Amino acid sequence: MVNEGVMPTTVLLVEDDGAMRLMCRVNLELEGYRVLEADHLGRARELIGGERIDVLLLDVHVRCEDGYDLVGLAQENGIPIALMTGSSKVGAPERELVDAVLSKPFKIEELHSTVSRLASARVAR
């Protein structure tokens, strides 16, 4: 859980499925995270440019866009990336681009532990 009195860890959740976004947001907020949401890559780019983002949760395919297009921008800003995917086609080259992969459907505990680990990595950078 995030410490009270300290600026909360900000998670940018890039997901076009409203139900998945809601599930992730609610569960992360219950753990004390600040969650920003984007349902398309343009909005995600705006948020990365204007907010301090500590962790990026990125769906591989957002509104038929290639989520990998956002990886370079996140890396330039030192943001750890967890790729969320329902596809079994995420191979080794793609996995090397990101810090973690969450295979849909995933358990809430897996979401929490991944975000916590990546937030700690961001602080250490």
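Values for this structure:
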item	result
All positions within the range 71-87 that are among the small types (G, A, S) and either assigned to a loop (DSSP other than H, G, I, E, B) or over 10 Å from V101 (Cβ atoms) (or both)	G72, A74, G78, G86, S87
Inter-residue pairs, beta-carbon under 8 Å, first within 20 Å of E76 (Cα to Cα) and small (G, A, S) and in the range 97-125, second at pLDDT 90 or above and loosely packed, with under 13 Cβ neighbours inside 10 Å, 6+ apart	none
Of all residues making up the range 1-30, the number that are among the charged types (D, E, K, R) and more than 20 Å from L83 (Cβ to Cβ)	2
Qualifying residue in the range 2-13 (condition: part of a loop (DSSP other than H, G, I, E, B), in contact (Cβ under 8 Å) with a residue 24 or more places away in the chain and hydroxyl-bearing (S, T, Y))	yes
Some residue of the range 36-49 being out of contact with any helix residue (DSSP H, G or I) (no Cβ under 9 Å at 6 or more places or on another chain), aliphatic (A, V, I, L, M) and farther than 16 Å from L102 by Cα	yes
Considering residues of the range 1-37 that are over 13 Å from H112 (Cβ atoms) and small (G, A, S) only, the residue surrounded by the fewest Cβ atoms within 10 Å (Cβ to Cβ)	G5
Failed criterion for H40 (all others in (1) buried (at least 17 other Cβ atoms within 10 Å of the Cβ); (2) modelled with pLDDT of 90 or more; (3) over 20 Å from S120 (Cβ atoms); (4) of a type outside the set (A, V, I, L, M, F, W, C) hold)	(1)
Criterion violated by L83 - all others in (1) buried (at least 19 other Cβ atoms within 10 Å of the Cβ); (2) at pLDDT 95 or above satisfied	(2)
Selection within the range 38-56 - closer than 21 Å to S116 by Cα and not hydrophobic (A, V, I, L, M, F, W, C)	E51, R52, D54
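The values are calculated or read from the model by the stated rules, or taken from the named source; none is laboratory data. Given the structure is predicted, the values throughout are model-derived calculations rather than measurements. Here the Cβ is made from the backbone with ideal geometry for all residues, glycine too, and neighbour counts use every protein chain on show.
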